[in-house]
Amino acid sequence: MRRKLVVGNWKMHGSRPANAELLAAIVGARPYGCDVAVCVPYPYLTETAAALSGGDLRWGAQDCSAHEQGAYTGEVSATMLAEFGCRYAIVGHSERRACHHESDLLVAQKAQAALARGITPIVCVGETLEQREAGDTEFVVKRQLAAVIHRLAHCAGEIVVAYEPVWAIGTGRTATPEQAQAVHAVLRTQLQAATGHGERMRILYGGSVKADNAATLFAQPDIDGGLIGGASLKAADFIAICRAAG
Ligand code: PEP
């Protein structure tokens, strides 16, 4: 039985007072009956760790350098993230693939760097609307995941996968539970074939998950929780989503 996982992706949002309020509310609403984490902007890792440590809530980053150290201005290594107690690092989010031109190979290298430091990469895959309409959804997500599986080899079973259709992120347009389930089933079959551990690996859905659609999405057999953007910034909404997973 896979335990559900709900991860908040704050993106580039927050302020120290607002974060303190949000984190206190999330802590105060425990227990959830599922695993819960927040992936915050780097400057907020210290205060997030302070607010959440000692309990069962986890935290992480929204990216991770593929490099260990060196002349990579602006990048943050997995070793540094580990110093802040990060459990997770999102890699390959579609906003980074699109805005920062991240390739499948780079995403795989980032996943490898995270795992090497004991951080679980949350590997995002997903098709654009154009790709879906062209009937290429399965091809695209399998190609994105295959790059990571190939790079990680025997460690591939340690990742979390997030299926995030690009057309559903921040748009208010959610994949139907059936659409999401169909892709999750494809990804699980791929994971099972490659690692032998597909049945125990978690595949999250992300893309306009809200308090009112979370339960039906999470009820699908291959949806093991969610990666939550906008709704993770509002305590009541995020808590309701976590409860829907519990
Ligand atoms: C995300 O950023 O990963 C995401 C799923 O965003 P939203 O929930 O706002 O669509």
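Here is a list of conditions, (1) surrounded by fewer than 17 Cβ atoms within 10 Å (Cβ to Cβ); (2) more than 16 Å from the ligand (Cβ to nearest atom); (3) more than 18 Å from Gly225 (Cβ to Cβ), and Pro41 meets all of them except one; can you say which number that is?
Of (1) surrounded by fewer than 17 Cβ atoms within 10 Å (Cβ to Cβ); (2) more than 16 Å from the ligand (Cβ to nearest atom); (3) more than 18 Å from Gly225 (Cβ to Cβ), only one is false for Pro41: (2).
Consider Arg202 against the criteria (1) within 14 Å of the ligand (Cβ to nearest atom); (2) under 13 Å from the mean Cα position of the chain (by Cα): it satisfies all of them except one. Which criterion is unmet?
(1)
Each row is one residue, and each column tells you yes or no for (1) within 18 Å of the chain's Cα centre (by Cα); (2) in contact (Cβ under 8 Å) with a residue 24 or more places away in the chain.
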| site | (1), (2) |
| --- | --- |
| Gly170 | yes, yes |
| Leu187 | yes, yes |
| Ala194 | no, yes |
| Gly206 | yes, yes |
| Asp212 | no, no |
| Gly225 | yes, yes |
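Pull out all pairs, ordered by first then second residue, where Cβ-Cβ is under 8 Å, the residues are six or more apart or on different chains, the first lies in the range 54-75 and is closer than 29 Å to Lys4 by Cβ, and the second is of a type in the set (Lys, Arg) and open to solvent by 30 Å² or more (accessible area, probe 1.4 Å).
Listed by first residue and then by second, the contacts come to Gly55/Arg30; Asp56/Arg30; Leu57/Arg30; Arg58/Arg87; Trp59/Arg87; Gly60/Arg87; Gln62/Lys11; Asp63/Arg96.
For the range 102-159, which helices (runs of 4 or more DSSP H) that fit wholly inside it have 3 or more residues that are of a type in the set (Val, Ile, Thr)?
Here the list reads 137-152.
Would you mention how many residues in the range 164-197 are under 22 Å from Leu115 (Cα atoms), surrounded by fewer than 18 Cβ atoms within 10 Å (Cβ to Cβ) and small (Gly, Ala, Ser)?
The total comes to 2.
Can you say whether Ala215 is in a loop (DSSP other than H, G, I, E, B) and within 16 Å of the ligand (Cβ to nearest atom), as far as the supplied structure shows?
For Ala215, the condition - in a loop (DSSP other than H, G, I, E, B) and within 16 Å of the ligand (Cβ to nearest atom) - is not met.
Which residues, counting only those in the range 15-38, are surrounded by 19 or more Cβ atoms within 10 Å (Cβ to Cβ) and polar (S, T, N, Q)?
Selection gives Asn19 alone.
For the range 147-163, indicate whether the set of residues that are within 12 Å of the ligand (Cβ to nearest atom), in contact (Cβ under 8 Å) with a residue 24 or more places away in the chain and either in contact with a Pro (Cβ under 8 Å, 6 or more places away or on another chain) or open to solvent by less than 30 Å² (accessible area, probe 1.4 Å) (or both) is non-empty.
Yes, that holds for at least one residue.
Could you run through the range 45-83 and say how many residues are open to solvent by 40 Å² or more (accessible area, probe 1.4 Å) and in contact with a Phe, Trp or Tyr (Cβ under 9 Å, 6 or more places away or on another chain)?
Matching residues across the range 45-83 total 7.
The values are calculated or read from the model by the stated rules, or taken from the named source; none is laboratory data. What you are looking at is a predicted structure, and each value in this text was computed from that prediction instead of being measured. Please note: Cβ atoms are built from the backbone with ideal geometry, for glycine as well, and neighbour counts cover all protein chains shown. Only protein heavy atoms, including side chains, enter the accessible area calculation; ligands, DNA and RNA are left aside. Shrake-Rupley method; radii C 1.70, N 1.55, O 1.52, S 1.80 Å.
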